[in-house]
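In what follows, a structure is listed as structure tokens, so that the remarks can point back to it.
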Amino acid sequence: MAYIITEPCVDVKDASCVDVCPVDCIYEGDRMYYIDPDECIDCAACEPVCPVAAIFAEDATPGDQTRFIEINKDRSAP
């Protein structure tokens, strides 16, 4: 299970999550950050520092945000 960045991050891009990620699995996109699920170690360090509460464990992603699971997978690769 990986963590997912969802819609509240769009156009915010605070980067607090990037600063605390111990494995550098968070990548910057044009309008938001993305977590590479293959690199994520499920440490949850990113979740509490997100100022807009946009980060969720994949299996706890709200139903209206589940499309971001695939978006993170597709767009996280550098």
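A short reminder: the numbers here are calculations on the coordinates, not readings from a lab. Computed from a prediction, not measured in an experiment: that's the story for all the values here. Here the Cβ positions follow ideal geometry from the backbone for every residue, glycine too, while neighbour counts run over all protein chains shown.
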Could you tell me the calculated FRET efficiency between Ala60 and Asp30, based on Cβ-Cβ distance and R0 = 30 angstrom, to the nearest 0.05? 0.70
In deg cm²/dmol, rounded to the nearest 500, the helical mean residue ellipticity at 222 nm of the chain, built from -39500 (n - 2.57) for every DSSP H run of length 4 or more, is -4500 deg cm²/dmol
About the Cα centre of the chain, how large is the charge dipole given +1 on each Lys and Arg Cβ and -1 on each Asp and Glu Cβ? Please answer in debye to the nearest 20. 140
Quick one: grab the alpha carbon gyration tensor of segment 21-78, order the square roots of its eigenvalues as a ≥ b ≥ c, and give me rounded if a/c is under 1.5, else prolate or oblate depending on whether a/b is larger than b/c. rounded
Please give the net charge around Pro8, taking every other residue with its beta carbon less than 13 angstrom from that of Pro8, where Lys and Arg add +1 and Asp and Glu add -1. -3
